[in-house]
Ligand code: ADP
Ligand code: MG
């Protein structure tokens with residue numbers, strides 16, 4: 001069974017249970033409307049040694065930063081401000097005190113950078129391998145929250161940065177090249193917290209998510225949940241230096257934002273984003289009413305069966 005087949009089954013099994021005010025499973029975060037027109041956001045991510053990282057290919061400090069960054073990215077993906085996290089660690093005997101202290105220093109430094117509190121968690125022994133689970137909590141005005149389900153036909157599709165660096169970095173790491181720029185980027189993702197907050201406040205932005213599994217698979221989540229399709233122009237996909245088009249489209253863990261914006265306001269949105277952040281919004285296609293994902297090369301459909309990265 002695929003990861004998403006399993007999640008669908010979970011949703012079906014729990015369909016009759018009360019949601020107690022929450023919006024249900026299926027977005028980057030769970031959303032709970034609270035007082036004063038605000039909402040709380042909740043997200044959890046798991047990092048497993050051997051599946052998500054290799055201990056010999058990353059420092060403990062980098063891993064501490066990454067474990068937090070991937071969760072902050074999910075808060076940013078909905079236009080939220082991260083406020084607190086809970087951290088659970090299962091550590092085997094061969095990850096000793098020094099390893100744990102360096103890990104916590106990486107986690108602390110990024111928490112400080114974004115003003116995020118650590119408010120709980122759990123610590124336990126592991127028989128084998130390190131497991132890290134972070135739950136992050138964010139907050140935003142309900143009116144600023146951007147969901148995967150809000151794309152509309154005619155919208156322009158944007159990413160907030162070039163793609164494929166992390167995928168190229170993973171290839172470097174697996175080949176033992178630990179110090180290439182791409183490998184360093186793979187181990188040190190920067191969550192786009194300021195960008196997400198800014199985009200959350202913009203009415204032109206309809207749907208948004210973060211790119212954790214790769215454009216080819218993440219875009220399908222926006223299409224499925226919005227009941228729309230998309231045309232992606234291959235020549236417009238922004239490829240990070242040292243990467244290639246297929247890695248940019250299918251590689252995971254870039255943690256850039258993927259968003260759709262009203263066609264009428266899209267040009268101004270991009271202009272103001274560039275002024276605010278000094279880096280462009282990359283338009284790479286548009287949303288259609290067909291429910292299909294079509295890759296176009298110079299205007300012609302290309303039959304690519306591209307999918308993103310999956311751990312399962
Ligand atoms: P993301 O990549 O943004 O972390 P995923 O694509 O992994 O999100 O997950 C899709 C949705 O399924 C999310 O809303 C997530 O919270 C939910 N989900 C994933 N695994 C489980 C699980 N074991 N139980 C309940 N919900 C889950
Ligand atoms: Mg996400």
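The values are calculated or read from the model by the stated rules, or taken from the named source; none is laboratory data. Please read all numbers here as calculations on a predicted model, not as lab measurements. Please note: Cβ atoms are built from the backbone with ideal geometry, for glycine as well, and neighbour counts cover all protein chains shown.
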Residue match in the range 254-266 (condition: over 20 Å from residue 196 (Cβ atoms) and modelled with pLDDT of 95 or more): yes
Among the candidates 190, 291, residue that is away from ligand 2 (no atom under 16 Å from the Cβ) and more than 23 Å from residue 142 (Cβ to Cβ): 291
Of residues in the range 1-41 being within 12 Å of ligand 1 (Cβ to nearest atom) and buried (at least 16 other Cβ atoms within 10 Å of the Cβ), the one farthest from the chain's Cα centre (by Cα): 23
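This table checks each residue for (1) in the same structural domain as residue 201 (by TED's automatic domain parsing); (2) under 30 Å from residue 7 (Cβ atoms); (3) touching a strand residue (DSSP E or B) at 6+ places or on another chain (Cβ under 6 Å).
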| position | (1), (2), (3) |
| --- | --- |
| 230 | yes, yes, yes |
| 236 | yes, no, yes |
| 247 | yes, yes, no |
| 259 | yes, yes, yes |
| 273 | yes, no, no |
| 291 | yes, yes, yes |
The range 196-214 - residue that is surrounded by 21 or more Cβ atoms within 10 Å (Cβ to Cβ) and assigned to a helix (DSSP H, G or I) and, of those, nearest to ligand 2 (Cβ to nearest atom): 196
Test: residue in the range 51-65 that is near ligand 1 (Cβ under 10 Å from one of its atoms), under 24 Å from residue 194 (Cα atoms) and outside the structural domain of residue 203 (by TED's automatic domain parsing): no
Selection count, the range 74-121, where residues are within 26 Å of residue 259 (Cα to Cα), without any contact (Cβ under 8 Å) to a residue 60 or more places away in the chain and away from ligand 1 (no atom under 16 Å from the Cβ): 7
Pair list, Cβ under 9 Å, 6 or more apart: the range 1-22 residue not assigned by TED's automatic domain parsing to the domain that holds residue 43, other residue near ligand 1 (Cβ under 8 Å from one of its atoms) and not in a loop (DSSP other than H, G, I, E, B): 4/221
Only listed residue being outside any helix (DSSP H, G or I), assigned by TED's automatic domain parsing to the domain that holds residue 26 and surrounded by fewer than 22 Cβ atoms within 10 Å (Cβ to Cβ), chosen from 109, 84: 84
Out of 94, 28, sole residue that is outside the structural domain of residue 178 (by TED's automatic domain parsing), within 16 Å of ligand 2 (Cβ to nearest atom) and part of a loop (DSSP other than H, G, I, E, B): 28
Residue in the range 175-186 that is modelled with pLDDT of 95 or more, touching a strand residue (DSSP E or B) at 6+ places or on another chain (Cβ under 9 Å), within 30 Å of residue 266 (Cβ to Cβ) and crowded, with 18+ Cβ neighbours inside 10 Å present: no
Filter result for the condition that a residue is within 20 Å of residue 217 (Cα to Cα), touching a helix residue (DSSP H, G or I) at 6+ places or on another chain (Cβ under 9 Å), at pLDDT 95 or above and within 16 Å of ligand 2 (Cβ to nearest atom), over 43, 85: 43
Looking only at the range 87-103, and only at residues there that are buried (at least 17 other Cβ atoms within 10 Å of the Cβ) and within 25 Å of the chain's Cα centre (by Cα), the one that is farthest from residue 49 (Cα to Cα): 87
